[in-house]
1. Can you list the HN-Hα couplings for segment B:152-168, worked out from phi with the Karplus curve (6.51, -1.76, 1.60; θ = phi - 60°), rounded to whole Hz and with x for Gly and Pro?
2. In whole angstrom, how far apart do the alpha carbon centroids of segment B:1-57 and segment A:129-158 sit?
3. Grab the beta carbon distance between B:Ala153 and A:Arg170, set R0 = 35 Å, and tell me the FRET efficiency rounded to 0.05.
4. Can you list the copy-to-copy distances for B:Arg128, using a point 7 angstrom from Cα toward Cβ, in nanometres, shortest first?
5. Counting alpha carbon pairs within less than 8 Å and at least 6 residues apart, what relative contact order, in whole percent, applies to chain B?
6. Between A:His64 and B:Arg2, what's the calculated FRET efficiency when r is the beta-carbon distance and R0 is 41 Å? Round to 0.05.
7. Hey, for A:Glu32 with labels 7 Å out along Cα-Cβ, what do the inter-copy distances come to in nm, ordered shortest first?
8. Give me the distance in nm between label points sitting 7 Å out from Cα along the Cα-to-Cβ direction at B:Leu38 and A:Glu28, one decimal.
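Here, each number is a calculation from the coordinates, and none is a lab measurement. Model, not experiment: these values are computed from the prediction. All Cβ positions, even for glycine, are placed from backbone atoms using ideal geometry, and neighbour counts span all protein chains on display.
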2 protein chains.
Amino acid sequence: DRLPASVRDIDVGKTPGHHPVTQSRINEILVEEAQRGLGVVRLKGGDPFVLGRGGEEREACEAHGIPVEVVPGVTSAVSVPAAAGIPVTHRGVARGFTVVTGHEDIPQLPTGGDHTLVLLMGVTQLARSTELLVAHGRSADCPVAVVERGFAADQRTTVGTVATIADLARSRGVRAPAVVVVGDVVKLSPDWPAQSKERAVTVTSGG
Amino acid sequence: DRLPASVRDIDVGKTPGHHPVTQSRINEILVEEAQRGLGVVRLKGGDPFVLGRGGEEREACEAHGIPVEVVPGVTSAVSVPAAAGIPVTHRGVARGFTVVTGHEDIPQLPTGGDHTLVLLMGVTQLARSTELLVAHGRSADCPVAVVERGFAADQRTTVGTVATIADLARSRGVRAPAVVVVGDVVKLSPDWPAQSKERAVTVTSGG
């Protein structure tokens, strides 16, 4: 909305389940516009190299001899947990974290509560994801948070455990876009119940 | 340098091996200045919640009733590989990535070239890290990049394999600050030799 009139805006915006322009067409547009001699800015949400297909768009351009500069961004994998008060690492709690987008990786992931998992694979698959986590060694008691609509006015966090989160999410109508965080760092969230570890759900809103 | 004169600047800057102000003193300063009624901005490099001890600083403030707003940043774990042309995920190459800062996590990490590892634990420990990676299942042939001084004018990338990178880094005098990336995504770097997979080192510079 704040671009000068000389800039043409081509909206290829994706929302969950709605991709008005295919990835291959996006790649073509980048190449076509650059070949017309224009400077092209491909503006993306999040980081272009964290499940953002930025690498493919760069390859498409470079295959046509178009030089590309990549500007890293703030990835939702880290920033959405932060918006809910959850640091993906925290001294004495978690030294490392893993970001995955598919179930294929789950059998090999670290299992300790001191290693944070960020699942970007979609809340519709939460029941299957948590089943696989337990089947491959993660404790059913491990804390989990689902953060919907990070940074939006209606941001909402649901907390539970690997055992309880899928049912909680279903009963609360949790929907994409959402980021799932698994690990002891979830206990650092203000949404984690301080008084009783048995109470495993709280409701919050705010950005 | 661009702050108005009414803003007081307290430098607690850390550089590798040089921490002029201890973490506990930093926490105290944040609390003291806020308790004087001032608005306090704790400006950090990278993301405050990715091995940035932001969670501890927040806890220190909140323990004194001081409200804290966290602004996520661009983490070097993702952006420094990007600066060297390496996407931490890439369709058909890697679906997920893990960021670790200590050796303790290595025995449990995914071993496939299709899962990217980012090691922030320091290049001085590179030989030990790569030994442990092989001992715990990662292929000795897996590509590795070490990116020194990401985004600086004298940024330098060294590429090799899990088997070769420690010797290469030593012979080239690789030093902190540096980010280590392990996985098939390293082959997407312009620094990866296109003609021969046997040639396992190239030299580049530039920001």
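1. 7, 4, 9, 3, 9, 10, 10, 10, x, 10, 4, 6, 9, 5, 5, 5, 4
2. With segment B:1-57 and segment A:129-158 each reduced to a Cα centre, they are spaced 31 Å.
3. Efficiency, rounded to the nearest 0.05: 0.10.
4. 4.1
5. 18
6. For R0 = 41 Å, the calculated efficiency reads 0.55.
7. 6.2
8. 5.8
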